[in-house]
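The values are calculated or read from the model by the stated rules, or taken from the named source; none is laboratory data. Predicted model only: the values in this text are computed from it and were never measured. Cβ: placed from backbone, ideal geometry, glycine included. Neighbour counts: every protein chain shown.
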Number of protein chains: 2
Amino acid sequence: MTAPTLADLEALDAADPLATFREAFDLPPGVVYLDGNSLGALPRATAARLAEVVGRQWGSDLIRSWNTHGWIDAPQRVGDKIARLIGARTGEVVAADSTSVNLFKLLAGAASLRPGRSTLLTEPGNFPTDLYVTQGLERLLGDRLSIRVVAAEDLPGAIDEDVIAVSLTHVHYKSARRWPMAEITARAHAKGAVALWDLSHSAGALAVDLNGARADLAVGCGYKYLNGGPGAPAFLFVAERHQAEIRSPLTGWMGHADPFAFVDDYQPAAGIRRQLCGTPSILSLAALEVGVDLMLRADMAAVERKAGELSEAFIALVESRCAGLDLALASPRDAAARGAHVVFAHPQAYAIMQALIERGLIGDFRAPDLLRFGFTPLYTRYVDLFHAVETLRAVLAEVAYRDPRFRNRLSVT
Amino acid sequence: MTAPTLADLEALDAADPLATFREAFDLPPGVVYLDGNSLGALPRATAARLAEVVGRQWGSDLIRSWNTHGWIDAPQRVGDKIARLIGARTGEVVAADSTSVNLFKLLAGAASLRPGRSTLLTEPGNFPTDLYVTQGLERLLGDRLSIRVVAAEDLPGAIDEDVIAVSLTHVHYKSARRWPMAEITARAHAKGAVALWDLSHSAGALAVDLNGARADLAVGCGYKYLNGGPGAPAFLFVAERHQAEIRSPLTGWMGHADPFAFVDDYQPAAGIRRQLCGTPSILSLAALEVGVDLMLRADMAAVERKAGELSEAFIALVESRCAGLDLALASPRDAAARGAHVVFAHPQAYAIMQALIERGLIGDFRAPDLLRFGFTPLYTRYVDLFHAVETLRAVLAEVAYRDPRFRNRLSVT
């Protein structure tokens, strides 16, 4: 792709079917926010919604709101809405707990679906919590379960008949590399294993199709592309065909068949509700629901298309405007193999990101040397890319000017 | 105790050192709220605090707020504040996840402290989630661990050298019976077991003294007496002496020694932070912190004293004004053996509670036949008891009038 001009970008914004969504967010002036993949921006409707839930529901109606305002059903109600964003059916998703806790439920749950098997297969460099939670389960279960970590290129061939679950993040949090979900799931199924997908970096950014891919289990994050607020409840998905059989290890009262009977013996609820554990966080779910409702108004195919176009245009601009400034693309070049963010490596990435943030371009540093930029299709404009890359170029030029290693190269830009 | 008159109750309010706290809550008019032990009332400061966290911290400062507004430390900061309410030290408590999830962490954690032992000891009729979570852990660990459920009167004598942990709710959610924490903990220690206390019905209501009782582990609820809002984050306590050794089975990234190093291998953080799992829920923690800050301004000895006086006066009023109406006290009569709520049994308890709620007296029904009334010392006035008991009497009289079984008795009241 040739680098777009500012006029090109303005034309893309003018033709963007998602352009009006930006108005639904409360974005600070003077900032280009390319970090919605870490913390999504604030929907304008969230503050009023929270004020209503706090003031009227909690303050005035108090305990009665569990029934009269549907608090008790919130994890399922919000889950059903998220389901529509990720190719799942009603009754296959709940919004609850954190991604980490939900991973634990589903990894142990997967083991309950595949008795006699003992391997959880994943890749090195997966998002840390995915690895850590698996390691914690392995440690807890002693010799009954072991984690096997195989590099991405060898992983498909490493699925064997001892594998309980192939547990992968759909879009890699650093590189943005996208696993072919249907293909890997089919390879897992061919060996009798289940596929567990972490959608943290794809739900709300791509047109995820869990049932189209025959995925078995999934988890994902509420505070990134779903714009649910800092530490928003996460979600989990269990395909309908597994729901009667799978058991959660976290058998709190909200997953009981009849939680308000207050009986002594645990009896799992039917369907997805057995994946609930403790009392749901109503304020957090209310904020998350606003973000999800907003996302539901968008066509997810258009969202994925724009994510691809934004990141492609960004790469082209960076490679044209910042040539010779020591940046190296560390994401797949093919948009179809990538999520909605892009990373560039630079030996001084940490200092550069600090300088970018000071100048109002907010992205993320990821150790050891990555500059990460996320392109949230609902509120990122094409023209934002132009300003972002100009800021990046200015900072890189300054870094290069100060660094004797780059002194010569700078003279050519 | 003789039943107080309205004038007596007014005098008690006039002399109440906690009386001014009621102004700090936003209570609906025309309601006597005796259910703060199920969902605490809304502090007036909460709405503004949430608006600030949402609008300025999330909306304007976005991802930077993890550092600039102390989001990343919120679980420990709020935990340290809760510690001061329950006789714990700085660094012994975190606010995170749900009570159920925290129970799972600490029950499995207790097992890691007592290798070679296999029994988790509790009582029948404990709060359901406490039983269910223990059963879930037992099921997950197969023959390595078993739950033993022994009736309260036999429980102290049932602690033996196979017991990992004695796991009890300090104040029973139905009867309000209070376990003698120091005594039971000492009996556990005498057999080499640890004591795990669920403080859901005592934190914020009684002058809990975990370290005074030499308690080992504890969990508790943020949405009852701490007034943190519906489904507020819970908390957990690990005595300093166990922190280096105990392992959480839920090894999410926030419990890692260096979460932002993004390395592949889990290494538990030092101290209480290893009990964290996923990304903390910032909005919920902000609301909880308001409730905890308010509670910190009260003297906990005065809180416990008032809780006892309120419930004692309520019992006396009920037994005087509702005599012959088929109510039977189902809580301990001695305030020192009781928490801050009281239950009365009545064969038509469900219908009666519905009628009470319609008339603005909010308590709880607990199956099969209990009317539960909670006395939150920060916002319950002594005079509220008078109006509550008059409402109760009117409803009971109506029920009795409609029920041929009680026709004769009614004529005497």
* Criterion violated by B:CYS277 - all others in (1) at the interface with another protein chain (Cβ under 7 Å from one of its Cβ atoms); (2) more than 25 Å from B:ALA215 (Cβ to Cβ); (3) touching a residue at least 12 places away in the same chain (Cβ under 8 Å) satisfied -> (2)
* Check region A:263-280 and report whether any residue there is touching a strand residue (DSSP E or B) at 6+ places or on another chain (Cβ under 6 Å) and among the acidic types (Asp, Glu). => no
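Scan region A:232-249 for residues that are in a loop (DSSP other than H, G, I, E, B), of a type in the set (A, V, I, L, M) and under 14 Å from A:ALA110 (Cβ atoms) and jot them down. Lay out the reasoning, then the answer.
Step one: list which residues in region A:232-249 are in a loop (DSSP other than H, G, I, E, B), which gives A:232-234, A:239, A:243-249.
Of the ones still in play, those that are also of a type in the set (A, V, I, L, M) are A:232, A:234, A:239, A:244, A:246.
Residues satisfying the conditions are A:ALA239, A:ILE246.
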* Just to be sure, is A:ARG56 more than 17 Å from B:TYR266 (Cα to Cα), in contact (Cβ under 8 Å) with a residue 12 or more places away in the chain and more than 9 Å from chain B (Cβ to nearest Cβ)? -> no
* To do: Would you confirm whether any residue within region A:337-349 is outside the structural domain of A:GLY220 (by TED's automatic domain parsing), in contact with a strand residue (DSSP E or B) (Cβ under 6 Å, 6 or more places away or on another chain) and free of Cβ contacts under 8 Å to residues at least 24 places away in the same chain?
  => yes
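In the set A:ARG144, A:ARG117, which member is more than 25 Å from the chain's Cα centre (by Cα), surrounded by fewer than 19 Cβ atoms within 10 Å (Cβ to Cβ) and of a type outside the set (Asp, Glu)?
A:ARG144
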* To do: Please work out if A:ASP80 is in a helix (DSSP H, G or I) and either surrounded by fewer than 24 Cβ atoms within 10 Å (Cβ to Cβ) or not assigned by TED's automatic domain parsing to the domain that holds A:LEU285 (or both).
  => yes
* Structure fact -> Checked B:VAL163, B:VAL133 against criteria (within 19 Å of B:LEU217 (Cα to Cα), in the same structural domain as B:LEU250 (by TED's automatic domain parsing), among the β-branched types (Val, Ile, Thr) and touching a strand residue (DSSP E or B) at 6+ places or on another chain (Cβ under 7 Å)); the one match is B:VAL163
* Do any helices (runs of 4 or more DSSP H) lying entirely in region A:309-413 carry at least 2 residues that are more than 20 Å from A:ALA205 (Cα to Cα) and hydrophobic (A, V, I, L, M, F, W, C), and which ones are they? -> A:349-358, A:382-402
* Asked: Applying the selection to region A:106-135, what residues are among the hydrophobic types (A, V, I, L, M, F, W, C) and closer than 27 Å to A:GLY271 by Cα?
  -> A:LEU106, A:LEU107, A:ALA108, A:ALA110, A:ALA111, A:LEU113, A:LEU120, A:LEU121, A:VAL133
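Got at least one residue in region B:91-102 being of a type outside the set (Gly, Ala, Ser), crowded, with 24+ Cβ neighbours inside 10 Å and part of a loop (DSSP other than H, G, I, E, B)? Give the steps one after another, and end with the answer.
Of all residues in region B:91-102, those of a type outside the set (Gly, Ala, Ser) come to B:92-94, B:97, B:99, B:101-102.
When the remaining residues are screened for being crowded, with 24+ Cβ neighbours inside 10 Å, the result is B:92-94, B:97, B:99, B:101-102.
Keeping just the survivors that are part of a loop (DSSP other than H, G, I, E, B) gives B:92, B:97.
Within region B:91-102 (the criterion being of a type outside the set (Gly, Ala, Ser), crowded, with 24+ Cβ neighbours inside 10 Å and part of a loop (DSSP other than H, G, I, E, B)), the answer is yes, since at least one residue qualifies.
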* Asked: Within region A:208-218, is there a residue that is under 20 Å from A:THR90 (Cα atoms) and facing chain B (nearest Cβ under 10 Å)?
  -> no
* Within region B:148-168, can you find the residues that are surrounded by fewer than 20 Cβ atoms within 10 Å (Cβ to Cβ), of a type in the set (A, V, I, L, M) and part of a loop (DSSP other than H, G, I, E, B)? -> B:VAL150, B:ALA151, B:ALA152
* Asked: Out of all the residues in region B:151-176, which are in contact (Cβ under 8 Å) with a residue 60 or more places away in the chain and among the hydroxyl-bearing types (Ser, Thr, Tyr)?
  -> B:SER167, B:TYR173, B:SER175
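Could you please find all residues in region A:280-301 being touching a Leu at 6+ places or on another chain (Cβ under 9 Å), in a loop (DSSP other than H, G, I, E, B) and either within 11 Å of chain B (Cβ to nearest Cβ) or among the hydroxyl-bearing types (Ser, Thr, Tyr) (or both)? Before you say what the answer is, go through the steps one by one.
To start, the set of residues in region A:280-301 that are touching a Leu at 6+ places or on another chain (Cβ under 9 Å) comprises A:281, A:283-284, A:286-288, A:290-292, A:294-296, A:298-300.
Adding the requirement that they be in a loop (DSSP other than H, G, I, E, B) leaves A:281, A:298-299.
Within region A:280-301, A:SER281 is the sole residue that qualifies.
Of these, A:GLU304, A:GLU312, which one is of a type in the set (Asp, Glu), touching a strand residue (DSSP E or B) at 6+ places or on another chain (Cβ under 8 Å), away from every other protein chain (no Cβ under 14 Å) and surrounded by fewer than 24 Cβ atoms within 10 Å (Cβ to Cβ)? Working first, answer last.
Numbers: A:GLU312 fails: touching a strand residue (DSSP E or B) at 6+ places or on another chain (Cβ under 8 Å).
Checking each option against the conditions leaves just A:GLU304.
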